[in-house]
Amino acid sequence: MGFVALIFALLIEQGKPLPANNFIHRWVVSWADTVSANTDAGKQKHGLIGWLLATGAVVLATLLFQWFAAWLHPVALFCFYVLVLYLTLGFRQFSHAFTAIQLALAANDSDSARKELELWLAHSNIELPIESATVPEICRVTIAHALIAAHRHVFGPLFWFILLPGAVGPVLYRVAQMLADRWRVQHPDDGFGRFAQRVYHLIDWVPVRLSAAGFAVVGNFEDSVFCWRGAIAANPALSQRELLLAAGGGALGVRLADPAMEAQWSSGEQGFDWQGAQANPGSLRSAVGLVWRSVVLWVALFAMLTMANWLGR
């Protein structure tokens with residue numbers, strides 16, 4: 001049932017994209033703000049209480065709806081799975097911005113591309129000065145942000161949907177990600193906000209490495225693994241975002257890391273020098289192909305696991 005629900009959710013999302021400012025997401029953000037306003041005292045233990053309260057309420061509600069749907073009818077349970085996946089997983093939640101930038105660059109309208117990128121980054125609560133960014137820089141930031149968004153909106157929720165039974169997995173992942181992003185902006189310098197980021201880091205530890213592995217398999221495998229291993233050797237405390245960009249950049253043959261990040265990777269005894277190409281408008285098309293091939297890979301693996309489960313009964 002889970003695999004069929006996933007296919008239905010992806011097909012529905014392609015035909016009717018989920019609005020970025022939809023009711024469910026607004027409700028989760030409002031609930032997160034309410035919890036933080038009543039539990040935040042700047043300490044990590046308050047972050048624990050707030051995170052458990054905010055996440056637990058949403059997960060408990062999901063379990064109750066799932067139980068009611070299962071009690072009602074198997075078709076109701078299937079529809080509930082499709083609804084949850086539609087709300088938590090899909091490309092079209094971010095692909096419109098990527099497409100707008102791609103079309104603007106194809107028309108040699110770098111100003112419009114820059115404005116679209118600024119709006120996209122602002123919507124994701126990312127502060128990155130690109131007022132005077134060149135076309136290669138616009139392309140680099142766009143591809144980097146697209147790979148991160150693809151992981152967060154597709155591969156991460158999909159992993160937890162496969163791992164945990166029912167609809168709890170993708171809901172847990174998306175709520176943890178939203179809390180980490182929201183409280184990172186509201187509480188950047190206290191233990192309350194940092195706790196949510198640490199929890200999301202743990203929840204995302206395996207999925208981000210599977211996403212990076214997927215990029216390597218469907219892209220340039222040797223360069224992807226070389227960049228992945230080289231980045232870790234140069235910086236053992238590599239963030240998960242940096243790891244994904246290192247593997248994704250190698251898979252595409254494009255330098256996606258920030259200049260400061262690249263300088264850190266190439267310095268020191270363990271530094272590495274990778275002669276990747278500079279990002280350009282053509283690289284955007286390559287990034288789309290990489291992401292779609294990764295989706296096909298993981299959906300195919302999910303199908304194989306589903307078939308193995310059926311045959312094993």
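The values are calculated or read from the model by the stated rules, or taken from the named source; none is laboratory data. All values reported here derive from a predicted model rather than from experimental measurement. Heads up, the Cβs are rebuilt from the backbone with ideal geometry, glycines too, and the neighbour counts pull from every protein chain shown.
Of note:
- Residue under evaluation F68, criteria (1) over 22 Å from the mean Cα position of the chain (by Cα); (2) surrounded by 14 or more Cβ atoms within 10 Å (Cβ to Cβ), criterion not met: (2)
- The range 23-61, residues that are touching a Gly at 6+ places or on another chain (Cβ under 8 Å) and within 22 Å of A167 (Cβ to Cβ): V35
- Counting only helices (runs of 4 or more DSSP H) that fall entirely inside the range 34-137 and contain at least 2 residues that are of a type outside the set (G, A, S) and farther than 23 Å from L18 by Cβ, the qualifying elements are 44-72, 110-123.
- Remark: pairs (first residue in the range 85-105, surrounded by 20 or more Cβ atoms within 10 Å (Cβ to Cβ); second residue of a type in the set (F, W, Y) and at pLDDT below 85; Cβ separation under 8 Å; 6+ apart in sequence or on different chains) = F94/W120; A97/W120; F98/W120; I101/W120.
- With respect to the conditions (1) at pLDDT below 85; (2) over 24 Å from V154 (Cα atoms); (3) surrounded by 13 or more Cβ atoms within 10 Å (Cβ to Cβ); (4) out of contact with any Ser or Thr (no Cβ under 8 Å at 6 or more places or on another chain), L48 falls short on a single one, namely (1).
- Test: residue in the range 259-271 that is at pLDDT 85 or above and either polar (S, T, N, Q) or closer than 15 Å to A150 by Cα (or both): no
- Test: residue in the range 179-191 that is within 20 Å of H25 (Cβ to Cβ) and of a type in the set (D, E): yes
- Residue match in the range 193-202 (condition: modelled with pLDDT of 90 or more, touching a helix residue (DSSP H, G or I) at 6+ places or on another chain (Cβ under 7 Å) and under 18 Å from A149 (Cα atoms)): yes
- Residue list for the range 151-207, restricted to those being on the phi < 0 side of the Ramachandran plot and of a type in the set (G, A, S): G156, A167, G169, A176, A180, G191, G193, A196
- Within the range 203-252, restricting attention to residues that are acidic (D, E) and in contact with a Phe, Trp or Tyr (Cβ under 8 Å, 6 or more places away or on another chain), the residue that is modelled with the lowest pLDDT is D223.
- Test: F221 is out of contact with any Asp or Glu (no Cβ under 9 Å at 6 or more places or on another chain), crowded, with 17+ Cβ neighbours inside 10 Å and either without any contact (Cβ under 8 Å) to a residue 40 or more places away in the chain or not polar (S, T, N, Q) (or both): no
- Taking first residues from the range 112-140 that are of a type outside the set (D, E, K, R) and partners that are at pLDDT below 75 and part of a helix (DSSP H, G or I), the Cβ contacts under 8 Å between residues at least 6 apart in sequence or on separate chains come to W120/F94; N125/V185.
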